[in-house]
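Reviewing the structure listed below.
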Amino acid sequence: MRIPRLVREHPYRVLGLLGLAWFFIQVLRLLRMERLVTGGEISLPLDDSFIYLQYARAIAEGHPFVYTPGNAPTTGATSLLWPFLLLPPHLLRLGPYAGIAWSLTLGAVALCVSAQLMARLGHVLGGTAGMLLAFLLFLLSPHLLWGYMTGMEIGLYGTVLLGSLLLYLLEREAAVFPRFRWMLFLLAVSRPEGAILCGVFGVAMALDRQRAARKGTVPGFFSPVLLLPFAAAALPFLVNLAVSGSIESTSSQAKSILAEPHPDIRYQFLVDSPKVWAAILAAYLSWLQLGIGAIMVTRYWIPTAAALTLFALFSFVPRRRPWQDGRVVLLLFPAAILVDSLPVAWSVHLYRYQQGFYPVVLLCLAAGIARAVTLTWTRLPRAVGIPAAALILGVPLWAWSPVFTEVYGGLVEFYGRNCENILHQQVRTGRWIAKALPQDAVVAMNDAGAIAYYGNRSTVDLIGLTTEGFAKAYRSGIGCLFEKLRRLPPGRLPTHFAIYPEWFPYLKASGVLGPEIFHAHLSDNTISGEDDKVVYPARWADRLHADSLDLVHPEIAGTRRRDRLDLAWLDDEARHGWVSYGYAFDEKRSVWRDRPSVILRDVLRQYIPANGSGRPVTDGGRKVFAWERFHMSVEPGKDAVLIARTDAWYPNRLTVKVDGAPAGVWTIGRAETTWAEPSFRIPGPLLVRPHPEIEVYREDPKDGGEWAPFHYWIYQ
């Protein structure tokens, strides 16, 4: 009788012990598999996990938000709170193994705490059946086991979100929220999605306050408490502003569709957003088990959809319900899907951007089934109610059973392979850098985590997560990235590159990369961006004279340069108001669209100038498909000579206009792997302003060709 009494009087303690035992066994399985695959070492399954460890080390060294020496403060740590939780081993200077072990320990603790919260929430929303079912579904979720043990903030965000939801449900009736209002600040700094959900919770709090005011249980509707959710929502953006001068974090600049620098791509992505939302919903319905083309698995999604429908239905009926009102989830669910769709690569790494909210989805499944089982059991005659309740409970669990068995077992091995990939590529590269490169080396890289954490060198993050100002340049294209790189101060100019060559087309052909000096290859790649991580020395010999003319131009004898525009250098383009237009091609109808749009495309080339100095010149430029416009500084009334550097990949007839007035036709012949520097004379009477607008139009903007300017100079 002692055990049943213990279970009856202390159910959460019993479930806690069961969860602790279960997760202890599963974590040991993960670590055992990892050590078998890696040969005895421990690592983490994502390189991004090491970004947090590096930020934590920077905090311990006294320069928070400064990723590596020489960098400006950045907010590449998506979670503001997680690096601070990773501090202890770095304050004690215990080394990388201790940092990894500590992050895994925090993940294991988060697993156990989340399981307890799932049980409590399940009981609040679905009674005893809901408690047991929510606990079971969380326990048997392979994706959450993987996500919580990545060393990322997934476990922190999931746990704080569940805790916030529990406090809200417990305090909503009184509409005072003594603990919940402060919990929201933790939610906001756990992940940016949490900040958005704080606003949603704020709306729910206002509705609860209004209800309580009508009943007379609170003195009035307005209370300063109602402002706190929105203050919490603003907190991470204010921190971003204080640290880097922008409310947008550098991680968002590198990953969010809202920071996409190509207007046509951003527009198309936003137009397609409903499809992305549907795909995220499909992932949730199919237990994160989508087939190729985001196809849902029937066995999974039908019972999932039914359970969610039951949850929503029984949130409104019957009128007297033996469970708490959980309709706030109906607000949180679409908000979470909307926010989770903002990363361009929203589906990467087992849907890790969706995993933080996934426990809430499982909670709804458990509550929906438990509510139906409870009503069937209590409202129907026993002869009908018992088998009906068993059917309602048993069919979904049977349908989802492959997730609990086959998928769960496969994820354990997958986790080990992921850790092996990161260990033998990024970690190995970082260790080599620490041994082989001088202390003053500056390493440009595309995986910012383990290479910086193990390499202990100053870094330039080409993707822009941890180096200020590079996200937009990288996303604008390799030519724009080159122009950004070559203008770095001498002490910040990369001495080496540790990159995936496939991610940076034309960079090797541009002459910036020297011969390969290190190579980390993966024969069984399960998680890394490419199979080969390569280290090159940097060669910047030809970067300086890229801004100067290389050919002899008798037509500018006796004149002086008035202005210069360097295409693909984003700062210079902004100063000159440069913009390019084109006509998009409709792939479905195989026709060019009639309406022009802003189309920004870059290019990077290295050529020897035709009849020039013979020195190779590397330059970034732009592709113009229809026409471009920009401003130049001139002396009004005097003839001017406009000179362009171009690769002349296509022959072109260009119509030049100055402040809308035709200035003539500029004919440019095709060049053969050399730089060309054609010139065009602008009559003085057309130059009536100090900063005239110059437009250059292609003769046939829909022929599939292009005009590619790299530089413009104007002489008078």
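The values are calculated or read from the model by the stated rules, or taken from the named source; none is laboratory data. Please read these numbers as outputs of a predicted model, since none were measured by experiment. Neighbour counts are summed over all protein chains in view; Cβ atoms, including those assigned to glycine, are modelled from backbone coordinates with ideal geometry. Keep in mind that these areas ignore ligands, DNA and RNA; they rest on the heavy atoms of the full protein, side chains included. Shrake-Rupley method; radii C 1.70, N 1.55, O 1.52, S 1.80 Å.
With a Förster radius of 41 Å applied to the beta-carbon distance between residue 338 and residue 561, the computed FRET efficiency rounds to 0.20.
Looking at the stretch 653-716, the GluC sites (Glu not before Pro) that sit in a DSSP loop and have at most 12 other Cβ atoms within 10 Å of their own Cβ are 672. At a probe radius of 1.4 angstrom, the accessible area of the stretch 245-309 per residue rounds to 46 square angstrom.
Subtracting the Cα-Cα distance of residue 241 and residue 629 from their residue separation scaled by 0.36 nm leaves 136.4 nm.
Annotation: lysines with alpha-carbon distance below 21 angstrom to residue 638 (same-chain offsets under eight excluded): 657.
From the Cα gyration tensor of the stretch 73-148, with a ≥ b ≥ c the square roots of its eigenvalues, which class applies: rounded if a/c is under 1.5, or else prolate if a/b is larger than b/c, or else oblate? Prolate, since a/c reaches 1.5 and a/b exceeds b/c.
Applying 0.36 nm per residue to the separation of residue 256 and residue 24 and subtracting their alpha-carbon distance, the gain on full extension is 79.9 nm.
With a simple spin-label model that places each label point 7 Å from the Cα along the Cα-to-Cβ direction, the separation between residue 97 and residue 552 comes to 6.9 nm. Here the chain has an Rg and Dmax of 30.1, 106 Å, counting Cα atoms alone. You can think of it this way: the chain between residue 109 and residue 681 has 198.7 nm of extra reach, that is 0.36 nm per residue less the Cα-Cα gap. Here the calculated FRET efficiency for residue 292 and residue 312, from their Cβ-Cβ distance with R0 = 25 Å, stands at 0.25, rounded to the nearest 0.05.
With only Lys, Arg, Asp and Glu charged, each at its Cβ (+1 for the first two, -1 for the last two), find how big the charge dipole of the stretch 17-136 is about the Cα centre; round to the nearest 20 debye.
280
Rounded if a/c is under 1.5, else prolate if a/b beats b/c, else oblate: with a ≥ b ≥ c from the C-alpha gyration tensor eigenvalues square-rooted, which is the stretch 522-619? It comes out oblate by the Cα gyration axes.
Where only DSSP H runs of four or more residues are counted, the chain gives -15000 deg cm²/dmol as its mean residue ellipticity at 222 nm, each run worth -39500 (n - 2.57).
The charge dipole of the chain, taken about its Cα centre with unit charges on the Cβ of Lys, Arg, Asp and Glu (plus for the first two, minus for the last two), comes to roughly 2740 debye. Each of 170, 683, 58 was placed along the dipole of the chain (beta-carbon charges, centred on the mean Cα), and the one lying farthest toward the positive end is 170. The Cα atoms of the stretch 1-152 cover 65, 36, 26 Å along the three principal axes, with the biggest extent listed first. Here the spin labels are modelled as points 7 Å beyond Cα on the Cα-Cβ line, and at residue 519 and residue 330 they lie 6.0 nm apart. Against the compact-protein benchmark of 2.2 N^0.38 Å, the Cα-based radius of gyration of the stretch 437-585 scales to 1.23.
Could you check how much of the accessible area of the chain is carbon and sulfur, as a whole percent, using a 1.4 Å probe? Ligands and nucleic acids excluded, carbon and sulfur reach 63 percent.
Placing dummy labels 7 Å off each Cα toward the beta-carbon, the span from residue 384 to residue 610 is 8.9 nm. Note on the chain: dipole from Cβ charges, positive end direction compared against 136, 33, 507; the farthest Cα belongs to 136.
Helix 11-38 and the longest principal axis of the C-alpha atoms of the chain enclose an angle of approximately 40°. Normalising the average separation of contacting C-alpha pairs (under 8 angstrom, six or more residues apart) by the number of residues puts the relative contact order of the chain at 13 percent. Distance between the C-alpha centres of the stretch 583-630 and the stretch 325-361: 39 Å, rounded to the whole angstrom.
Rounded to 0.05, the FRET efficiency of the residue 639 and residue 665 pair, given R0 = 22 Å and the Cβ-Cβ distance, is 0.80. Listed cross-link partners 484/588; 533/702; 255/508; 275/508 are compared with a 29 Å cut-off, the Cα-Cα value being larger for 484/588; 533/702; 275/508. Our Cα-only numbers for the stretch 566-631 put the radius of gyration and Dmax at 15.4, 48 Å.
Ranking 238, 85, 375 by solvent-accessible area of protein heavy atoms (1.4 Å probe, all protein chains present), from largest to smallest, gives 238, 85, 375.
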